Amino acid sequence: MPSVSPLLSIDDLHFSHPHTPVFSGFHARIGGGLVLVCGDESTGKTTLLRLLAGDVAPQRGRFTLLGASAVSAPEAYRAQVFHADPRAEALDPLTAQAWLDAQARRYPGWDAQALASHIEGFALAEHLGKTFYALSTGTRRKVCMAAALASQAPLTLIDEPIAGLDKPSIAYLAQALGCSSRGGERAVVVAHYATLPGVQWAQVLELPPRQ
C-alpha cells in the first residue's frame, strides 16, 4: 500500500538566535490530525511554530505545505496557515469581535458555527466587545484559540495552549482539539512541554535537547 503524503514537510532546517543555535539540519514530516511538538525548556518549540508561520525566517531550510513552498510560493503557503500570538501588542487596540471578524474574512474555510461553540465553551461572550488590552492573559489566549480552531486552516499552529487558562477552559480545550482534527485534512500543531489530559495525539514530535 502506498504511503500517504504528509501535509507538511520540513527539510534541512537551520536556525540560530545570535550566538545560540536552535535547529541544525532538522527534518520532519507532519500529517493530518493533532500534532504535539514537545521537548524540554529552550528546545525550540515556540521558535519552530514561528518559523512555520513565517514570523521569522530560517537561515536555511524548506517548508512545503500541501505542495506550496514557503520559499517559491510564499503567498500560497501563508494562506494555508493560522498562527496568532496572544501576547502581540498589535492586538491591544482591537476589540475581540473586530479581530475575529477580520479572521473570518481571511480564511475561506472559516466555520462560524464552530466559532459560536468555542465562544460558548470558553465563556467569551461577555468579552467580545472589549479591546485585547483590557483582557486577561488567559482570555486573550482563549480568543486566539477560538479563532485558530474555527479557521479550518490546513496548518493551524497553537503555542502553549493552557497558559493562563482556568480548569473548565482546559477541559473544553481538550474536547475542542479532538473535534478540530477529524478527517485528516488538517494538521493542528500544538507546542507544549507535555501531553494534555484527555487529548489523543495523532503524532508526537519531540524536539531533541539543545547541544
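The values are calculated or read from the model by the stated rules, or taken from the named source; none is laboratory data. Treat the numbers as computed from the prediction; the structure is a model and nothing was measured. Neighbour counts are summed over all protein chains in view; Cβ atoms, including those assigned to glycine, are modelled from backbone coordinates with ideal geometry. These accessible areas exclude ligands, DNA and RNA; they are computed on the full protein's heavy atoms, side chains included. Shrake-Rupley method; radii C 1.70, N 1.55, O 1.52, S 1.80 Å.
Structure data summary
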item	result
Positions within the range 40-49 being surrounded by fewer than 19 Cβ atoms within 10 Å (Cβ to Cβ), at negative phi and out of contact with any strand residue (DSSP E or B) (no Cβ under 6 Å at 6 or more places or on another chain), in sequence order	ASP40, GLU41
Scan of the range 87-99 for residues that are among the hydrophobic types (A, V, I, L, M, F, W, C) and surrounded by fewer than 21 Cβ atoms within 10 Å (Cβ to Cβ), ordered by number	ALA88, ALA90, LEU91, LEU94, ALA98, TRP99
Positions within the range 163-190 being of a type in the set (Val, Ile, Thr) and farther than 26 Å from LEU65 by Cβ, in sequence order	ILE170
Scan of the range 151-194 for residues that are charged (D, E, K, R), over 14 Å from ASP85 (Cα atoms) and touching a residue at least 60 places away in the same chain (Cβ under 8 Å), ordered by number	GLU185, ARG186
Unique match (being out of contact with any strand residue (DSSP E or B) (no Cβ under 6 Å at 6 or more places or on another chain) and either closer than 24 Å to GLY178 by Cβ or open to solvent by 30 Å² or more (accessible area, probe 1.4 Å) (or both)) among ALA53, ALA102	ALA102
Residue in the range 43-51 that is charged (D, E, K, R), over 22 Å from GLN200 (Cα atoms) and within 19 Å of the chain's Cα centre (by Cα) present	yes
Qualifying residue in the range 28-39 (condition: at pLDDT below 95, out of contact with any Cys (no Cβ under 9 Å at 6 or more places or on another chain) and open to solvent by 50 Å² or more (accessible area, probe 1.4 Å))	no
Answer residue from the range 57-86, given it is in contact with a Ser or Thr (Cβ under 8 Å, 6 or more places away or on another chain) and either surrounded by fewer than 18 Cβ atoms within 10 Å (Cβ to Cβ) or among the polar types (S, T, N, Q) (or both) and is nearest to PHE122 (Cα to Cα) among those	THR64
Top-ranked residue in the range 183-202 [being within 16 Å of the chain's Cα centre (by Cα) and open to solvent by 50 Å² or more (accessible area, probe 1.4 Å); ranked as farthest from GLY39 (Cα to Cα)]	GLU185
Test: THR64 is within 30 Å of SER16 (Cα to Cα), among the polar types (S, T, N, Q) and at pLDDT 95 or above	yes
The lone exception for VAL71 - which of (1) farther than 30 Å from ARG140 by Cβ; (2) in contact with a Phe, Trp or Tyr (Cβ under 6 Å, 6 or more places away or on another chain); (3) not small (Gly, Ala, Ser) it fails	(2)
The range 115-135, residues that are aliphatic (A, V, I, L, M) and surrounded by 18 or more Cβ atoms within 10 Å (Cβ to Cβ)	LEU115, ILE119, LEU124, LEU135
Boolean, ALA148 is under 20 Å from GLN80 (Cα atoms) and crowded, with 20+ Cβ neighbours inside 10 Å	yes
Members of the range 1-27 found to be surrounded by 14 or more Cβ atoms within 10 Å (Cβ to Cβ) and among the hydrophobic types (A, V, I, L, M, F, W, C), listed by number	LEU7, LEU8, ILE10, LEU13, PHE15, VAL22, PHE23, PHE26
